[in-house]
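Every number here is computed from the coordinates shown, using simple stated rules; none is lab data. Values in this document were obtained by computation on a predicted structure and should not be read as measured data. Here the Cβ positions follow ideal geometry from the backbone for every residue, glycine too, while neighbour counts run over all protein chains shown.
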Amino acid sequence: MKEPPVIPRELLGAPPYLHVLRRRERWGKGEIVFWIALVAVFFLFPKNLLLASQILIAGLFALSLDLILGYAGIVTLGHAAFFGLGAYTAGLITKVGVHDPLLGLVAAGAVAAAAGWLTSPLVLRSNDLGRLMITLGIAMLLYEVANRATEITGGVDGLQGVEVGLVLGLFRFDLLGRTAYLYVLAVTFALFLLVRALMLSPYGLSLRCIRENNRRAQAVGVPIRSRLTNIYTLSALLAGVAGALLTQTTQFVGIEVLGFQRSADLLIMLIVGGTASLYGGFVGAAVFMLAQDRLANLSPVYWLFWLGLLLIVVTLYLDGGVVGGLKRLAAWWERRR
Amino acid sequence: MKLSLVRGAAALAAAFACTGVLAAGNTIKVGVIAEMSGTFADFGQQITNGAKAYMKANGDTVAGKKVELIIKDATGPAPDVAKRLAQELVVKDEVDFIVGFGLTPNAMAVAAVASEAKKPTVIMNAASSVITTKSPYIVRTSMTLPQVTEPMALWAWKSGVKKVYTIVADYGPGHDSEKAFRTAFTRAGGEIVGDLRVPLKNPEFGPFVQRIKDAKPQAVFVFMPAGELALGFMKAYNERGLAKAGIKLLTTGDLTEDGIIEALGDHALGVISTHHYSMAHDSPENKAFLAAYAQVSPQRPNFMAVGAWDGMAAIYEVARKLNGVIDGDRAMQAFKGMALKSPRGTLRIDPDTRDVVQTVYVREVKKVAGKLYNVEFDQFPNVKDPGK
Amino acid sequence: MATILFDGIAYGMLLFLISVGLSVTLGMMGFINLAHGVFAMIGGYLLVTFTGKAGLSFFLALPLIFLATAAFSLVLEGSLYRQLYRSTHLKQVLLTVGIILVAVAAATYAFGPAQQPVQLPEVLAGQVVVLGAELSRYKLFLIAVGIAVTLALVFGLERTRFGARIRASVDRQSTAEAMGIHVGRVFQLTLAIGSGLAGLGGALGVNILGLDPHFPLKTLVYFLLVVVVGGAGSIPGTLLAAMVLGIADTAGKYYLPEVGAFIIYAAMIALLLAFPHGLLGRRRLA
């Protein structure tokens, strides 16, 4: 028998929806364990921190996609455009003398957000297939520009000589990747807090509403166009910051940051992890990159095969990806008690 | 949010466990970073097979120590992956040498790691001139694009060609090749009557080739990466009858490299190219190389495999000179000025630039015993990289 | 000038052959099948196998390829696609991307990562002089096949019972079902025909587009482009879009080679903004 929930003093007599909202905002046990585990990784796996940083960056990137895909229902095949813009901004800004990594992040985020805001009318106008094509088209256009402008971007050979300064003026990016990992973790956590607060609030609920039933959302008075534009811009900003983090931790920008492969891999990571769950992106990124690291070395051809198979199976049978599966497991466990 | 992600976190942790590498003082560890999957999988295969072939032919022990290859997949043009792999090889696997690199961006990304960790890095394929300038610990055993392009321009001029139209793929190496050819050819006195850059994702060459035909040059210089672009161009060239119209086809060996020449079929007959290696090269070292490679793979080896073969030869030589104790700076000293008898001919490592100095051959595609080969008929000895 | 137009039309015909199946199935069921390129790739590899190892004649191989690819699509439809007809577009995208990946891996495993050479029959090689212009024989053949297919499709749609059923299903599925038309089966057959055509197109295209395991990924953009610009579900729309794209691409490369790739993407975005439902509108089949 479960006990009735304890109602905090300030909510006595408050309307029921407030209880629900407050309860949603509380940090679950799993969440706390997750973040502590990430900090523990620093101490437990000192020789794998580079891979860990790249997983976190991929996770942040996937989180940005989750905002528009999972919560707002916009299907895109070109999210790498914002990732790449952020990456190149962070790289190029060091070339003009700004070496502070945090300023680089701000610049990258700003450029990516601007791009997101400018392209949002294009994306919001059309139906699913049209959106797919437009986002794909924009990403490929940017790829071509980067490919041509060899003097600025280094073209296919990539942007060299990215010199990133000390984090907070104190910590150098070292060979082992220790500074990189903590830096990425801190930035990711900060942004995560922001996103979490946003998504758990009525704002986030309104996005879900838009995704599930557009007409009703309109009827209730949700300003659909501006909400979607804002979330798209925010998503672009996060993707840009993720790209900048990659540049700063590897001191290099390759043209693949804008490539189709990156967008496609991202989609797979998010789906495998589970959409609309905030953590799905991280879990998916971890599963994907770890599997790739292990399997690709065993047999490169089979990696693609198993990836495709995994995608098919997850789409058909595992609704909600890994996180969804875990949630169902948890619910089943609860019922058994 | 009731997420029992304890499992998730635990899974994360467990999955991180690395496959333990035995720390041994008796092995020389060679970390290979190559593109083993994706569209460039062929590059990685050739490089690793070439290295393995060398070890098969010359044994896996040198200076009393066992040589061990640790092969990592860069998955394609992925500099962030390449850099991470390099760092992991240095920190986790504690390798003595970092080798491989089918693609330039991957090689560039590793330069910083090489410098910081003071690890000798051998470039077995990537062909951009600048790579060796990025770190004093980088040495190359393959070739550079300008190095194999310039002789083509010189030979063209020598054989009476005065007007050339250039067409290259629109990406870094293509631009480099175009520039190298133009500089050398105009310096010799020739004229470039037109130039075209073809997008990498181009399926249809018809209009481009038509444009060239209409311009009526004496020859067309082509640079395309091996694969569909090379094949596509060759087909269009033949279909439009450019050879009949008197327009010769000049190119670098990338277009007719031994790995894909069979796929070009009879389209390729008569094509003249310049490169540093051909399977048809007549020498005992090449015969030994071909025999050893055949034991590792049934596919035809190409210049990338030879780059790897020579890279391993250089490493063995260094190991012998240093008696098996590999120190970064002393290894680089040993590399400088090294001369090797390679399956391609002679190979020297320039002491100042740490880049390769070799003979560039002019070849024509002919059928020998029913199969296609690049048959060498002229050469330019001791060509240094003009890009420096 | 005439040669450029001719080349453009030939290229457009190829695109049409491969994309028409995608357009009809998309218009009919709203099912986003990104793996359509896989059928084309299968056609290409079948051609290589039939004319190579099996030693069949090129012309005999073509109808066989059509049938084989159509049969394969039925298998795929029954086992995988059918479960997601009523599902979200996202899931369809994911499923079909998964299929592409598996197909690419399988092709790499079976045929190796390199380009596949194909031997053309003698009668189709080289050029022929028509009205003073040198035209490629192969491309003439391609255009002829394209015209034949278009005529067959239009005839089939306008004059046959089955064609009427297809049109009815595309126009309004619920009413068609109410009239006793088994929409599921209509869709199966339509998918089969469309995929068969894609296989045929892929086989014919090996000589022009090349063939390697990454074919479905590389050419995905082009097919989607044709379908989206032409309007899903409209055959004349697909034909028009394919022609426009083929000619624009070819002419663009000849006259403005520096701008090349840009034009396609910029034009696509512009066209999609102006005509969100495609050049010839939505859901009008013929």
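Computed packing ranks the peptides B:122-134, A:238-250, A:43-55 as A:238-250, B:122-134, A:43-55, most packed first, by mean other Cβ atoms within 10 Å.
Which of the pairs B:LYS119/B:LYS179; B:LYS72/B:LYS287; B:LYS92/B:LYS384; B:LYS287/B:LYS371 have their Cα atoms more than 27 Å apart in this structure?
On the way: B:LYS119/B:LYS179 33 Å; B:LYS72/B:LYS287 29 Å; B:LYS92/B:LYS384 37 Å; B:LYS287/B:LYS371 17 Å.
Beyond 27 Å: B:LYS119/B:LYS179; B:LYS72/B:LYS287; B:LYS92/B:LYS384.
If you bin all the Cα-Cα distances of chain C at 5 Å, starting from zero, the percentages per bin are 1, 6, 12, 16, 19, 17, 14, 9, 4, 2, 0, 0.
Under the definition of Cα pairs under 8 Å and six or more residues apart, what whole-number percent is the relative contact order of segment C:83-225? Could the numbers behind the result be given before it?
Working: 69 pairs, mean separation 42.0, N = 143.
After rounding, I find 29 percent.
Quote the convex hull volume per residue of chain B, based on C-alpha atoms, as a whole number of Å³. It would help to have the intermediate numbers written out before the result.
Numbers: hull volume 60.6 nm³, N = 388.
Measuring per residue, one finds 156 Å³ for the Cα hull of chain B.
Give the shape of segment A:212-337 as rounded, prolate or oblate, defined through the alpha-carbon gyration tensor: a ≥ b ≥ c are the square roots of its eigenvalues, a/c under 1.5 means rounded, and otherwise the shape is prolate if a/b is larger than b/c and oblate if not.
On the way: a/c = 2.08, a/b = 1.14, b/c = 1.82.
Oblate, because a/c is 1.5 or more while a/b does not exceed b/c.
Relative to the longest principal axis of the Cα atoms of chain A, the long axis of helix A:178-200 lies at roughly 40 degrees. Between segment A:36-50 and segment C:158-191, the C-alpha centres lie 59 angstrom from each other. For the pair segment A:179-238 / segment B:43-94, the C-alpha centres are spaced 45 Å from each other. Just so you know, the Rg over Rh for the protein assembly as shown is 0.97, from Cα atoms, with Rh as the Kirkwood radius.
Coordinate range of the alpha-carbon atoms in segment C:101-189 per principal axis, descending: 54, 45, 17 Å. Please list log₁₀ I(q)/I(0) at q = 0.08, 0.16, 0.18 Å⁻¹ for segment A:45-259, using the Debye equation with identical point scatterers on the alpha-carbon positions. With no solvent term, the Cα-only Debye profile gives -0.29, -1.03, -1.23. Loop-located trypsin sites (Lys or Arg not before Pro) in segment B:213-318 (DSSP state other than H, G, I, E, B) with a sparse environment of at most 12 neighbouring Cβ atoms within 10 Å: B:LYS244.
Placing dummy labels 7 Å off each Cα toward the beta-carbon, the span from A:ARG23 to B:ASP329 is 6.9 nm.
Considering only C:MET268, C:LEU124, C:GLY180, the residue lying farthest towards the positive end of the dipole of segment C:2-274 is C:GLY180, judged by Cα position with unit charges set on Cβ. Each helix, a run of at least 4 DSSP H residues, gives -39500 (n - 2.57); summed and divided by the residues of the protein assembly as shown, these come to -19500 deg cm²/dmol at 222 nm.
Would you mind ranking C:HIS89, B:HIS276 by Cβ crowding within 10 Å, fewest neighbours first? Present the calculation step by step, with values, prior to reporting the outcome.
Working: C:HIS89 18, B:HIS276 27.
Ranking C:HIS89, B:HIS276 by Cβ neighbours within 10 Å, fewest first, gives C:HIS89, B:HIS276.
Helix A:300-317 versus the longest principal axis of chain A: what angle, 0 to 90°, nearest 10, using Cα atoms? Between helix and principal axis, roughly 20 degrees. What base-10 log of the normalised intensity I(q)/I(0) is obtained for segment B:75-215 from the Debye formula, alpha carbons as equal point scatterers, at q = 0.13, 0.22 Å⁻¹? Log10 I(q)/I(0), no solvent term: -0.69, -1.22.
State the volume of the convex hull built on the alpha-carbon positions of segment A:79-156, expressed per residue in Å³ and rounded to an integer.
Details: hull volume 6.4 nm³, N = 78.
Once divided by residue count, the hull of segment A:79-156 is 82 Å³.
Relative to the longest principal axis of chain B, what angle (0 to 90°, nearest 10) does the C-alpha long axis of helix B:284-296 take? Taking Cα atoms only, the helix is inclined about 60 degrees. A Gaussian network model of chain C, with springs between Cα atoms under 10 Å, assigns the largest mean-square fluctuation among C:MET243, C:MET179, C:MET29 to C:MET179.
For segment B:241-340, a crude dipole built from +1 on the beta carbon of Lys and Arg and -1 on the beta carbon of Asp and Glu, taken about the Cα centre, is about 160 debye to the nearest 20.
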